[in-house]
(Lines give C-alpha, C1' and ligand atoms only; values in the text may rest on other atoms or scores of the structure.)
Protein backbone atom coordinates (compact mmCIF):
# COMPACT_ATOMS: atom_id res chain seq x y z
CA UNK A 1 0.00 0.00 0.00
CA UNK A 2 2.81 2.41 0.95
CA UNK A 3 4.71 1.50 -2.20
CA UNK A 4 1.61 2.21 -4.32
CA UNK A 5 1.06 5.55 -2.55
CA UNK A 6 4.69 6.61 -3.03
CA UNK A 7 4.58 5.62 -6.71
CA UNK A 8 1.39 7.64 -7.26
CA UNK A 9 2.89 10.68 -5.50
CA UNK A 10 6.01 10.47 -7.66
CA UNK A 11 3.80 10.20 -10.75
CA UNK A 12 1.81 13.32 -9.77
CA UNK A 13 4.97 15.34 -9.01
CA UNK A 14 6.52 14.30 -12.32
CA UNK A 15 3.34 15.27 -14.17
CA UNK A 16 3.25 18.64 -12.42
CA UNK A 17 6.86 19.31 -13.39
CA UNK A 18 6.29 18.28 -17.01
CA UNK A 19 3.06 20.27 -17.17
CA UNK A 20 4.77 23.37 -15.76
CA UNK A 21 7.46 23.15 -18.43
CA UNK A 22 4.92 22.41 -21.16
CA UNK A 23 2.64 25.20 -19.94
CA UNK A 24 5.48 27.74 -19.99
CA UNK A 25 6.58 26.62 -23.45
CA UNK A 26 3.00 26.62 -24.71
CA UNK A 27 2.36 30.16 -23.52
CA UNK A 28 5.47 31.37 -25.32
CA UNK A 29 4.38 29.58 -28.48
CA UNK A 30 0.86 30.98 -28.22
CA UNK A 31 2.16 34.55 -27.95
CA UNK A 32 4.67 34.01 -30.75
CA UNK A 33 2.06 32.47 -33.04
CA UNK A 34 -0.43 35.23 -32.30
CA UNK A 35 2.15 37.81 -33.37
CA UNK A 36 2.95 35.90 -36.54
CA UNK A 37 -0.71 35.44 -37.46
CA UNK A 38 -1.72 39.08 -37.04
CA UNK A 39 -1.92 40.42 -40.62
CA UNK A 40 -1.22 44.00 -39.57
CA UNK A 41 1.87 43.35 -37.47
CA UNK A 42 4.33 44.27 -40.22
CA UNK A 43 1.98 46.22 -42.46
CA UNK A 44 3.37 49.65 -41.63
CA UNK A 45 6.96 48.54 -42.21
CA UNK A 46 6.19 46.80 -45.49
CA UNK A 47 4.35 49.75 -47.04
CA UNK A 48 7.53 51.17 -48.54
CA UNK A 49 8.09 47.92 -50.45
CA UNK A 50 4.76 48.27 -52.27
CA UNK A 51 4.31 49.98 -55.63
CA UNK A 52 3.27 53.64 -55.75
CA UNK A 53 0.12 54.69 -57.63
CA UNK A 54 -0.44 58.40 -58.34
CA UNK A 55 -3.64 59.81 -59.82
CA UNK A 56 -4.38 63.44 -60.67
CA UNK A 57 -6.12 65.54 -63.28
CA UNK A 58 -2.91 67.28 -64.35
CA UNK A 59 0.77 66.38 -64.24
CA UNK A 60 4.00 68.14 -65.14
CA UNK A 61 7.72 67.48 -64.72
CA UNK A 62 10.89 69.53 -64.36
CA UNK A 63 13.42 66.98 -65.57
CA UNK A 64 16.43 69.20 -64.99
CA UNK A 65 15.66 69.82 -61.32
CA UNK A 66 14.00 66.41 -60.86
CA UNK A 67 10.65 67.74 -59.68
CA UNK A 68 7.36 66.07 -60.59
CA UNK A 69 4.14 68.00 -59.99
CA UNK A 70 0.63 66.57 -59.68
CA UNK A 71 -2.36 68.93 -59.60
CA UNK A 72 -6.09 68.77 -58.88
CA UNK A 73 -7.67 65.89 -56.98
CA UNK A 74 -4.35 64.21 -56.32
CA UNK A 75 -4.42 60.71 -54.86
CA UNK A 76 -1.29 58.73 -53.95
CA UNK A 77 -1.32 55.17 -52.62
CA UNK A 78 1.46 52.85 -51.44
CA UNK A 79 0.39 49.86 -49.38
CA UNK A 80 -1.73 51.19 -46.51
CA UNK A 81 -0.38 54.72 -47.07
CA UNK A 82 -2.60 57.23 -48.85
CA UNK A 83 -2.16 60.93 -49.57
CA UNK A 84 -4.90 63.18 -50.93
CA UNK A 85 -4.31 66.84 -51.80
CA UNK A 86 -4.89 69.62 -54.33
CA UNK A 87 -1.20 69.74 -55.21
CA UNK A 88 1.68 67.33 -54.67
CA UNK A 89 5.29 67.96 -55.67
CA UNK A 90 7.83 65.14 -55.58
CA UNK A 91 11.46 66.24 -55.19
CA UNK A 92 13.96 63.54 -56.20
CA UNK A 93 17.63 63.49 -55.29
CA UNK A 94 20.50 61.02 -55.52
CA UNK A 95 23.12 60.55 -52.82
CA UNK A 96 26.51 60.99 -54.49
CA UNK A 97 28.19 58.65 -52.01
CA UNK A 98 25.73 55.74 -51.98
CA UNK A 99 24.05 56.51 -55.31
CA UNK A 100 20.69 55.88 -53.64
CA UNK A 101 17.59 57.78 -54.72
CA UNK A 102 15.50 59.69 -52.18
CA UNK A 103 12.11 61.34 -52.65
CA UNK A 104 10.37 64.05 -50.65
CA UNK A 105 6.64 64.65 -51.06
CA UNK A 106 5.20 68.12 -50.54
CA UNK A 107 1.39 68.07 -50.44
CA UNK A 108 -0.90 71.10 -50.18
CA UNK A 109 -4.65 71.26 -49.77
CA UNK A 110 -7.62 72.44 -47.73
CA UNK A 111 -6.73 70.16 -46.11
CA UNK A 112 -4.09 67.78 -47.45
CA UNK A 113 -4.49 64.37 -45.80
CA UNK A 114 -2.02 61.58 -45.00
CA UNK A 115 -3.29 58.22 -43.77
CA UNK A 116 -1.54 55.00 -42.75
CA UNK A 117 -2.33 51.75 -40.95
CA UNK A 118 -0.23 51.26 -37.82
CA UNK A 119 1.23 47.95 -36.63
CA UNK A 120 -1.68 47.35 -34.22
CA UNK A 121 -4.20 47.74 -37.03
CA UNK A 122 -5.35 51.22 -36.04
CA UNK A 123 -5.48 53.99 -38.65
CA UNK A 124 -3.64 57.27 -38.10
CA UNK A 125 -4.74 60.32 -40.05
CA UNK A 126 -2.69 63.52 -40.34
CA UNK A 127 -4.15 66.56 -42.07
CA UNK A 128 -3.03 70.16 -42.54
CA UNK A 129 -2.61 72.93 -45.07
CA UNK A 130 0.80 71.47 -45.94
CA UNK A 131 2.35 68.02 -45.53
CA UNK A 132 6.00 67.14 -46.03
CA UNK A 133 6.76 63.42 -46.20
CA UNK A 134 10.18 61.82 -46.60
CA UNK A 135 9.80 58.01 -46.72
CA UNK A 136 13.52 57.23 -46.34
CA UNK A 137 13.71 59.10 -43.03
CA UNK A 138 10.23 57.91 -41.93
CA UNK A 139 9.28 61.49 -41.07
CA UNK A 140 6.00 63.31 -41.76
CA UNK A 141 5.61 66.98 -40.91
CA UNK A 142 2.20 68.65 -41.10
CA UNK A 143 1.84 72.41 -40.66
CA UNK A 144 -0.94 74.98 -40.76
CA UNK A 145 -4.14 73.89 -38.98
CA UNK A 146 -2.44 70.56 -38.26
CA UNK A 147 -4.58 67.75 -36.88
CA UNK A 148 -3.85 64.12 -36.01
CA UNK A 149 -6.60 61.53 -35.46
CA UNK A 150 -6.07 58.05 -34.10
CA UNK A 151 -8.33 55.63 -32.17
CA UNK A 152 -10.93 58.34 -31.60
CA UNK A 153 -8.42 60.76 -30.06
CA UNK A 154 -7.15 63.99 -31.62
CA UNK A 155 -4.17 66.32 -31.35
CA UNK A 156 -4.18 69.72 -33.03
CA UNK A 157 -1.53 72.42 -33.29
CA UNK A 158 0.40 74.56 -35.71
CA UNK A 159 3.14 71.99 -36.43
CA UNK A 160 3.06 68.21 -35.86
CA UNK A 161 5.83 65.73 -36.63
CA UNK A 162 5.23 61.98 -36.82
CA UNK A 163 7.80 59.18 -37.16
CA UNK A 164 6.23 56.25 -39.03
CA UNK A 165 8.92 53.84 -37.82
CA UNK A 166 8.90 54.56 -34.08
CA UNK A 167 5.28 55.83 -34.19
CA UNK A 168 6.26 58.82 -32.04
CA UNK A 169 4.48 62.14 -32.41
CA UNK A 170 5.55 65.67 -31.47
CA UNK A 171 3.27 68.70 -31.65
CA UNK A 172 4.16 72.39 -31.44
CA UNK A 173 1.92 75.43 -31.19
CA UNK A 174 2.22 78.86 -32.75
CA UNK A 175 3.08 81.86 -30.61
CA UNK A 176 0.38 82.70 -28.03
CA UNK A 177 -1.52 79.54 -28.95
CA UNK A 178 -1.88 76.14 -27.30
CA UNK A 179 -1.91 72.53 -28.41
CA UNK A 180 -5.30 70.85 -28.07
CA UNK A 181 -5.54 67.16 -27.22
CA UNK A 182 -8.84 65.27 -27.14
CA UNK A 183 -8.63 61.75 -25.68
CA UNK A 184 -11.21 58.99 -25.86
CA UNK A 185 -10.19 56.57 -23.06
CA UNK A 186 -13.26 54.36 -23.58
CA UNK A 187 -12.32 53.65 -27.20
CA UNK A 188 -8.67 53.08 -26.32
CA UNK A 189 -9.64 50.66 -23.53
CA UNK A 190 -11.95 48.67 -25.82
CA UNK A 191 -9.27 48.37 -28.49
CA UNK A 192 -6.69 47.27 -25.92
CA UNK A 193 -9.06 44.66 -24.48
CA UNK A 194 -9.93 43.37 -27.95
CA UNK A 195 -6.22 43.07 -28.76
CA UNK A 196 -5.35 41.24 -25.51
CA UNK A 197 -8.41 38.93 -25.36
CA UNK A 198 -7.30 36.40 -28.01
CA UNK A 199 -3.92 35.96 -26.26
CA UNK A 200 -5.56 35.34 -22.86
CA UNK A 201 -8.10 32.90 -24.30
CA UNK A 202 -5.41 30.94 -26.14
CA UNK A 203 -3.22 30.64 -23.04
CA UNK A 204 -6.25 29.59 -20.93
CA UNK A 205 -7.25 26.89 -23.44
CA UNK A 206 -3.76 25.38 -23.40
CA UNK A 207 -3.63 25.34 -19.56
CA UNK A 208 -7.15 23.86 -19.26
CA UNK A 209 -6.37 21.11 -21.76
CA UNK A 210 -3.17 20.11 -19.97
CA UNK A 211 -4.90 20.06 -16.55
CA UNK A 212 -7.62 17.81 -17.98
CA UNK A 213 -5.01 15.40 -19.33
CA UNK A 214 -3.29 15.17 -15.91
CA UNK A 215 -6.58 14.38 -14.13
CA UNK A 216 -7.47 11.70 -16.71
CA UNK A 217 -4.03 10.13 -16.44
CA UNK A 218 -4.22 9.97 -12.63
CA UNK A 219 -7.68 8.41 -12.75
CA UNK A 220 -6.48 5.75 -15.18
CA UNK A 221 -3.52 4.94 -12.91
CA UNK A 222 -5.75 4.58 -9.84
CA UNK A 223 -8.27 2.38 -11.70
CA UNK A 224 -5.49 0.15 -12.92
CA UNK A 225 -4.36 -0.42 -9.36
Item to check | Out of 87, 106, 48, sole residue that is in contact with a helix residue (DSSP H, G or I) (Cβ under 8 Å, 6 or more places away or on another chain) and in the same structural domain as residue 153 (by TED's automatic domain parsing) | outcome: 48
Checklist entry - Of all residues in segment 129-161, which are in contact with a helix residue (DSSP H, G or I) (Cβ under 8 Å, 6 or more places away or on another chain) and either closer than 21 Å to residue 79 by Cβ or surrounded by 17 or more Cβ atoms within 10 Å (Cβ to Cβ) (or both)? => result 135, 151
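Per-residue answers, yes or no, for (1) modelled with pLDDT of 95 or more; (2) out of contact with any strand residue (DSSP E or B) (no Cβ under 8 Å at 6 or more places or on another chain):
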position: 105; (1), (2): yes, no
position: 108; (1), (2): yes, no
position: 119; (1), (2): no, yes
position: 122; (1), (2): no, no
position: 128; (1), (2): yes, no
position: 138; (1), (2): no, no
position: 145; (1), (2): no, no
position: 149; (1), (2): no, no
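The values are calculated or read from the model by the stated rules, or taken from the named source; none is laboratory data. Treat the numbers as computed from the prediction; the structure is a model and nothing was measured. Virtual Cβ from ideal backbone geometry, glycine too; neighbours counted across all protein chains shown.
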